[in-house]
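Note sheet for the following structure.
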Amino acid sequence: ISQVLVRSMKALPIAQAVQALTERSLRQLMLGIAFSGPSREAGVQELQRSLMWQSIDSWLSLGTWDSAGDTARLVANCAALEFGLTSEDMSTEAGIAFATLQQVPEAASTQPGDLQSLEQNIHEALHQVLQNHNKDAEISIMHPTPVCEISLAIPLLKVAVMVGSPEDFFRGPREAWADDSGIGWGRMAENELDHPALHGDFIFSQVDDMDGLDGREGGGSRFEVEPIETLETDSWSSSSSSSSSLGLSTWDSERSGSSGEWQRLPALRMRLLRQLGWKILEIPYFEWRSLLRSEEQSFLNRLLQ
């Protein structure tokens, strides 16, 4: 699988196919690279950088980026922080948009009542912890950063509290991450593991109209797959590795002890915030709900150590 992926990535720039992709396919390509993060292998990382540069330049030039919300900001900051792209690398129009997406937005006027109920509970307990241990530190609600707004932040300590709701984890309901409407950023990579591709998805954009792909029509599959024992293994690929076989960075490797696996978008937010120097306190809903009321403050205090 890893060989097929890398060969496909190499084929895109060679065939100059990136510029011909639809707006939705461009978004899926950029977000897929952002989810994976830079490869540990220089050759693959350079290939990722080239594809990110071509796709983000083409997409920003379309002028539709302002309707994409925070996800556009995540992709742009990933391109800048992790792949070293700058506005000078882009065309004029795309460069202006790229620089805009890296600016800190104006802070909105928010109150604790604007938070979700779980976040309100954590805000209350966190406030008590700070009152007891560090009265100079204050909690900022929906704190703006170039990457995203942090629901609960302690700017003095540069701490971001990431509260994980059910939809933020792989164990969450399908409705939390499947976008069958075609609106937004489309289906994520993990969706394809359990559900068929949608018409127009990047990975199926050239075969949407084919039949018999699964061997149920026409008496067998059209594709012959070489036995895995005969496939050559590149030096950077290892099936025994605990990380991705592509040598990609583990997106939740710097965990704070939580036992759940975050969905790609919240994991990307946390990874980029760490790049900006923020300490991330991960609080999954199932861990918080398992605490007694009397245990909440000591739990937060341990995370802040």
Worksheet item: Does H127 meet the test of being more than 22 Å from I33 (Cα to Cα), assigned to a helix (DSSP H, G or I) and open to solvent by 40 Å² or more (accessible area, probe 1.4 Å)?
Response: yes
Fill in: Condition check for E46: modelled with pLDDT of 95 or more, part of a helix (DSSP H, G or I) and surrounded by fewer than 18 Cβ atoms within 10 Å (Cβ to Cβ)
no
Discussion item. Checking G37 against (1) open to solvent by 30 Å² or more (accessible area, probe 1.4 Å); (2) among the small types (G, A, S); (3) at pLDDT 90 or above: exactly one of these is not met. Which one?
Written reply: (1)
Practice prompt. Can you work out which of the residues in segment 55-71 that are of a type in the set (G, A, S) and farther than 18 Å from A20 by Cα is most open to solvent (accessible area, probe 1.4 Å)?
Written response: S67
Worksheet entry | Conditions (1) under 19 Å from R269 (Cβ atoms); (2) open to solvent by 20 Å² or more (accessible area, probe 1.4 Å): number failed by L74 | (2)
Worksheet item: For the subset of segment 95-119 comprising residues that are aliphatic (A, V, I, L, M) and part of a helix (DSSP H, G or I), which member is nearest to S140 (Cα to Cα)?
Response: L118
Discussion item. Is it the case, given these coordinates, that I96 is modelled with pLDDT under 90, open to solvent by 30 Å² or more (accessible area, probe 1.4 Å) and farther than 30 Å from E295 by Cα?
Written reply: no
Practice prompt. List the number of the failed condition for V104; all other conditions in (1) over 20 Å from K279 (Cα atoms); (2) of a type in the set (A, V, I, L, M, F, W, C); (3) without any contact (Cβ under 8 Å) to a residue 60 or more places away in the chain hold.
Written response: (1)
Practice prompt. Kindly list, by first and then second residue, each pair from a residue in segment 6-21 that is crowded, with 18+ Cβ neighbours inside 10 Å to a residue that is modelled with pLDDT under 80 and assigned to a helix (DSSP H, G or I), limited to pairs with Cβ atoms under 7 Å and residues at least 6 apart or on different chains.
Written response: V18/L12
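Would you confirm, using the coordinates I've provided, whether D57 is more than 14 Å from the chain's Cα centre (by Cα), closer than 15 Å to L85 by Cα and assigned to a helix (DSSP H, G or I)?
Considered against the rule, which asks whether it is more than 14 Å from the chain's Cα centre (by Cα), closer than 15 Å to L85 by Cα and assigned to a helix (DSSP H, G or I), D57 comes out as yes.
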Fill in: Top-ranked residue of segment 257-269 - restricted to ones that are over 9 Å from the mean Cα position of the chain (by Cα) and not small (G, A, S), ranked as modelled with the lowest pLDDT
E261
Practice prompt. Mind telling me which of the residues M52, M30 ends up being out of contact with any Leu (no Cβ under 8 Å at 6 or more places or on another chain) and open to solvent by less than 10 Å² (accessible area, probe 1.4 Å)?
Written response: M30
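The values are calculated or read from the model by the stated rules, or taken from the named source; none is laboratory data. Computed from a predicted model, the values in this text were never measured in an experiment. Quick reminder, even Gly has a Cβ in these numbers, built from the backbone with ideal geometry, and neighbours come from all protein chains shown. Heavy atoms of the whole protein, side chains included, go into the accessibility calculation; ligands, DNA and RNA do not. Shrake-Rupley method; radii C 1.70, N 1.55, O 1.52, S 1.80 Å.
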